[in-house]
């Protein structure tokens with residue numbers, strides 16, 4: 001009898017083990033719900049700021065050169081000095097030119113007297129008209145020579161064509177300069193030009209006199225204001241971008257030509273949806289969020305727009321009033337069960353206000 005019960009018990013154990021091994025699908029383990037925080041999708045006023053990179057250049061810049069070959073009589077500026085328009089910088093030797101001028105002035109006076117004499121004789125028909133015309137031509141030639149020497153004397157005085165800062169002095173008194181010799185440089189830096197590019201899709205939003213803001217890592221605590229002064233009418237076929245020039249106010253001379261500037265162009269405000277960057281996951285180039293439906297989530301693909309300071313614009317894929325997972329998306333998949341621990345809606349709205357106010 002005991003042996004019978006032993007065999008029976010062994011058969012029951014064998015059958016139980018077989019069922020457990022052969023049919024594991026019969027065993028269902030209920031997955032645990034993930035703890036998350038959520039926020040409700042709300043309409044937001046989006047102030048779009050277009051960003052670009054440019055290099056500062058002088059509003060006006062020129063190499064100060066000599067147009068004549070002559071010795072330097074005197075120098076009237078110091079290295080990197082600020083000068084006014086018309087201020088004399090260098091005086092070349094003009095002794096020879098002054099002597100030549102006196103000689104030509106005497107020739108002009110002589111030719112003028114001869115013209116008057118022949119004019120009287122012509123009126124009495126004593127001389128031919130041709131003789132009078134030849135004398136008038138000689139007078140014109142002498143006057144042209146006088147104008148030429150006056151121009152050369154004027155060019156011997158080298159002045160600043162506009163106000164600004166000079167560069168280093170490249171010459172010394174007594175040196176012989178030739179035509180084209182660089183004496184120094186002159187830059188107007190109270191305003192700076194900055195050239196940058198914007199994508200062609202913003203063509204209709206970039207207009208003359210639009211306000212721009214520039215920042216530099218060299219002056220981290222300042223924002224420099226300006227406006228767009230020129231927009232190139234052509235779109236680059238290689239980069240599909242538009243070249244733009246702005247003018248930046250630099251009256252306190254904090255910026256210098258050659259500095260790299262971060263350019264920000266505020267565009268028109270619009271109504272839209274913004275969510276935290278951390279609420280978005282990606283598969284390749286596709287982006288998705290988890291929409292909370294009761295105690296489960298739905299994986300929803302979305303189209304994103306501009307991204308600034310951890311905030312992303314949603315162009316399509318979400319509707320106002322829907323609830324999305326904000327924190328805790330790492331372990332989620334489509335259909336995962338969740339437990340909502342906290343609602344971050346008001347906290348996120350306050351964050352948006354602070355960021356919008358700081359821009």
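Going by how many other beta carbons lie within 10 Å of each one, how would you line up 251, 140, 197, fewest first?
251, 140, 197
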>> Over the chain, with a Gaussian network built from C-alpha contacts below 10 Å, which listed residue (182, 212, 46) shows the highest mean-square fluctuation?
In response: 182
> Hey, how many Å between the Cα centroid of region 158-210 and the Cα centroid of region 247-280?
Replying inline: 25 Å
> Using alpha carbons only, how many degrees (0 to 90, rounded to 10) separate the axis of helix 129-155 from the longest principal axis of the chain?
Replying inline: 50 degrees
>> Over the Cα atoms, compute the radius of gyration (one decimal) and Dmax (the largest Cα-Cα distance, rounded to a whole number) for region 94-155, in Å.
In response: 14.3, 46
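Just the number, please: percent antiparallel of the DSSP beta bridges in the chain, rounded to the nearest 5. Working shown, then result.
On the way: 81 of 86 bridges.
So the antiparallel bridges amount to about 95 percent of the total.
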> Plugging the Kirkwood radius over Cα pairs into Stokes-Einstein for the chain, at a temperature of 10 °C and a viscosity of 1.306 mPa s, what D comes out in µm²/s?
Replying inline: 54 µm²/s
>> Helix 345-358 against the longest principal axis of the chain: what's the angle in degrees, Cα atoms only, rounded to the nearest 10?
In response: 10 degrees
> So what is the 222 nm mean residue ellipticity for the chain from helices alone, if each DSSP H run of at least 4 adds -39500 (n - 2.57) and you divide by all residues, rounding to the nearest 500 deg cm²/dmol?
Replying inline: -9000 deg cm²/dmol
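Divide, for region 234-359, the radius of gyration over alpha carbons by 2.2 N^0.38 Å, where N is the residue count.
Against the empirical 2.2 N^0.38 Å value, I get 1.44 for region 234-359.
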> Under a point spin-label approximation (7 Å from Cα along Cα-to-Cβ), what is the residue 80-residue 136 distance to one decimal in nm?
Replying inline: 6.1 nm
>> I need the shape label for region 47-127. Rule: rounded when a/c is under 1.5, else prolate if a/b > b/c, else oblate, with a, b, c from the alpha carbon gyration tensor.
In response: oblate
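Neighbour counts of other C-beta atoms within 10 Å: give me 76, 287 arranged from fewest to most.
Values: 76 14, 287 17.
By the 10 Å Cβ count, ascending, the order reads 76, 287.
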> By how many degrees, between 0 and 90 and to the nearest 10, does the Cα long axis of helix 2-22 differ from the longest principal axis of the chain?
Replying inline: 20 degrees
> Counting other C-beta atoms within 10 Å, which of 256, 234 has the fewest, and how do the rest follow?
Replying inline: 234, 256
> In Å and whole numbers, how far do the C-alpha atoms of region 144-235 stretch along each principal axis, longest first?
Replying inline: 59, 37, 19
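Cα gyration tensor of region 176-309, axes a ≥ b ≥ c as square roots of the eigenvalues: rounded (a/c below 1.5), prolate (a/b > b/c) or oblate? Don't jump to the answer; show the numbers that get you there.
Numbers: a/c = 3.00, a/b = 2.45, b/c = 1.22.
Prolate, because a/c is 1.5 or more and a/b exceeds b/c.
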> GNM, the chain, Cα, under 10 Å: largest mean-square fluctuation among 270, 296, 141?
Replying inline: 141
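FYI, it's all coordinate maths here, none of it is from the lab. The model shown is predicted, which means the values in this text are computed figures rather than measured ones. In this analysis, Cβ positions are derived from the backbone assuming ideal geometry, glycine residues included, and neighbour counts consider all displayed protein chains.
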